[in-house]
Amino acid sequence: MINKLKITFLLGVFTMLFSGNINAQLKKGQLVDGIAAVIGDEIVLESDVEEQMNYGKQQGASTTDRCEFLENLINNKLLVYEAKRDTLIDNRSAAIKDGANAKYNQLLSQFPDEKSMLAAYKFRNQFEMKNAIEKIDTDQYYGQAKYGRITEKADVTPNEVTDFFNLYKSQLPEIKDEVSLSQIMMYPKLTEAHKEELIGKLKKIKADIVGGESFESQARIYSEDQGTAPNGGLMKNIFKGQMVKPFEAAALNLQEGEISDPVESEFGYHIIQLVKKSGKAYDARHILLMATPTDAEITTAKQKLDSIRGLVLAEKLSFKDASFKFSDDKKTKFNAGVITGGDGSSKIERESIPGVISYELAGLNKNDITTAFDDEDERKRKVVKIIKIEDVIPSHQITLETDYDRIKQMALNKKKSEMIEKFVNSKLPTTFISIDGRYDSCDFKGNWKKESLKK
C-alpha cells in the first residue's frame with residue numbers, strides 16, 4: 001500500500017513508461033523478441049516487460065512480479081489504443097515521424113558511421129531502427145494525451161485531502177531532510193581577446209579547407225563537439241527549428257558545399273558547411289570551438305556575483321530581483337531563482353543535492369547565501385553560481401500542517417488512478433485482448449484473461 005500511495009496504480013507506471021527518452025528506451029545490443037500480449041491492435045513485447053522491470057528496480061519498486069508489470073503495460077497499451085480512436089486527440093503522425101528521424105540522427109552522431117550504430121543497437125537497417133523510435137514516441141504521445149483527457153477534470157476538496165490523510169497516515173512515509181534553494185547562475189564572459197583568438201583559429205581552419213584540406217579531416221582534428229567530430233562534423237536530416245537560431249540561420253544561407261565565416265552560438269564558435277538541402281531538412285558539417293572560459297574569466301564572473309551577493313545582504317536588492325536581472329538560467333530566473341526538485345516542488349531532499357552544491361551549503365542556515373563558486377550546467381559548460389537557502393525542513397513524519405500540498409497531490413494521484421482504472425474496465429468487454437500462454441498462471445487484478453478467453 002505504501003508503494004501505491006507514493007506512485008499510485010497506473011499513474012506511477014504511466015510515468016515510468018512515458019517519461020524516458022530514446023536513449024533510455026533503446027539499449028545497445030537489445031533485440032526485440034516475442035509478443036507478450038495484444039490489446040486492440042497494440043502489441044506488448046517481452047522486451048517491454050523486461051525493460052520496465054529493470055527500470056522499476058532502479059527506481060526502488062517494491063515488487064519484481066513479472067505479471068504485475070505486464071498488467072501495467074497492458075493497461076497503458078489500452079490507453080494508447082483508445083487515444084488513437086479518440087477524434088479529439090490530434091493525429092501527430094507526421095510530426096512524430098519527423099521527430100524520430102531527428103532522434104535517429106542524434107544517435108548516429110555518436111558513432112563513426114551508420115553501420116556501427118545499427119550493429120550496436122542490433123537493427124538490420126535504418127528503417128527498422130527509425131520504426132522502433134517512432135513506436136516509442138507514438139506511445140508516449142498518445143498515452144499522455146489519453147491520460148490527460150480522462151483525468152482533466154480530476155480535483156480534490158480540502159475534506160477529501162483530510163479524509164485521505166486520516167485513512168492512510170499510518171502508512172505514509174517519513175519525509176527526509178529537505179531544503180528550499182534559489183540561485184543566480186552566470187556563464188563567465190569571454191574577453192574580446194579570447195573571442196578573437198577562437199575566431200582567428202576558425203578562419204585559419206577554413207583557409208586550410210579552401211586550400212585543399214577536407215572539412216571532414218579538420219573536424220576530426222579540431223572540433224570540440226564530441227558527438228559529431230568522429231563523424232567528420234556531419235549532421236544528417238536536420239529539420240528547421242532543431243538547431244539554435246544562429247547556427248540554422250547561417251547554415252540555410254549557404255549554398256551546397258559553401259562554408260560559413262565563424263558563427264557565434266550559445267555553445268561557442270562554429271564554421272558550417274552546407275552539405276545538402278532537401279525540402280524541410282538539410283545535412284551540414286560543422287567545426288565547433290567551445291567558449292570555454294579561462295581561469296581569469298571565471299574569477300571575473302565570481303567577483304561580479306560576489307558584488308551582487310553583497311547588495312542582497314545589504315538589503316539594497318532582493319535575491320528575487322537580482323535573479324531576474326542577472327541570472328543566465330532561464331529555468332529559474334523568472335521564478336525568483338527557485339530551484340525545483342524532481343516532483344516540481346521547491347523542496348529538495350538534502351541527500352539528492354549534487355556534491356559541489358552540497359559542499360558549498362555545508363554549515364549554512366536559512367537565509368544564508370553562499371559565496372560565488374564554479375560549477376557545470378547539464379551540458380557540462382562552466383558556470384558560476386551563488387545559492388540562497390530559502391528554507392530548511394528537518395526530517396519528520398508527514399502531517400497535514402507541514403505537508404498539505406504533498407498530501408493533496410497524493411490524494412489527487414489516487415483519484416486519477418481510480419478514474420483510469422474505471423475507464424480501462426469499461427473498455428475490456430469491447431476490446432480484443434490476447435495474452436501469451438506463458439502468463440496463464442498470472443493472477444491479474446483486472447479481468448484481462450477472462451476477456452481474452454472470450455475473443
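General observations
- Solvent-accessible area of the chain (1.4 angstrom probe, protein heavy atoms only): carbon and sulfur portion equals 50 percent.
- The slack in the chain from residue 204 to residue 427, taken as 0.36 nm per residue of separation less the alpha-carbon distance, amounts to 73.6 nm.
- Radius, Kirkwood style, for the range 260-353 when every pair of distinct Cα atoms is counted (Å): 17.3 Å
- Checking every one of the GluC sites (Glu not before Pro) in the range 225-301 against DSSP loop status and a limit of 15 other Cβ atoms within 10 Å picks out 256, 258, 266.
- Bridging of residue 195 to aspartates and glutamates at a Cα separation below 16 Å is possible for 224, 261, 264, 266, 295, 297, once same-chain residues fewer than 8 apart are set aside.
- Coordinate range of the alpha-carbon atoms in the range 355-414 per principal axis, descending: 42, 28, 15 Å.
- Distance-filtered residues of the range 207-230 - backbone nitrogen under 19 Å, label point 7 angstrom along residue 292 Cα→Cβ: 218-230
- The trypsin sites (Lys or Arg not before Pro) of the range 196-261 that meet both conditions, a loop assignment by DSSP and at most 13 other Cβ atoms within 10 Å of the site Cβ, are 240.
- All Cα pairs of the range 175-236, percent lying beyond 16 Å: 64 percent
- Local electrostatic count, residue 329, Cβ distance below 10 Å [Lys/Arg +1, Asp/Glu -1]: +2
- The alpha carbons of the chain stretch over 74, 61, 36 Å along the principal axes, in descending order.
- Taking N as the residue count of the range 295-397, its C-alpha radius of gyration divided by 2.2 N^0.38 Å amounts to 1.08.
- For the range 105-184 versus the range 196-250, the inter-centroid distance based on Cα atoms is 34 Å.
- Residue-normalised accessible area of the range 315-443, given per residue in Å² at a 1.4 Å probe: 59 Å²
- For the range 334-393, trypsin sites (Lys or Arg not before Pro) are listed when DSSP marks them as loop and at most 10 other Cβ atoms sit within 10 Å of their Cβ; the list is 379, 380.
- Leading residue at positive end of dipole, the chain (Cβ point charges), from 272, 132, 211: 132
- Accessible surface, the range 192-290, averaged per residue in Å² (probe 1.4 Å): 51 Å²
- Whole-percent P(r), the range 67-217, all Cα pairs, 5 Å bins from 0: 1, 6, 8, 8, 8, 10, 12, 12, 11, 8, 6, 5, 2, 1, 1, 0.
The values are calculated or read from the model by the stated rules, or taken from the named source; none is laboratory data. Small disclaimer: the values here were computed from a predicted structure and weren't measured. In this analysis, Cβ positions are derived from the backbone assuming ideal geometry, glycine residues included, and neighbour counts consider all displayed protein chains. These area figures cover heavy atoms from the full protein model, side chains too; ligands, DNA and RNA do not enter into them. Shrake-Rupley method; radii C 1.70, N 1.55, O 1.52, S 1.80 Å.
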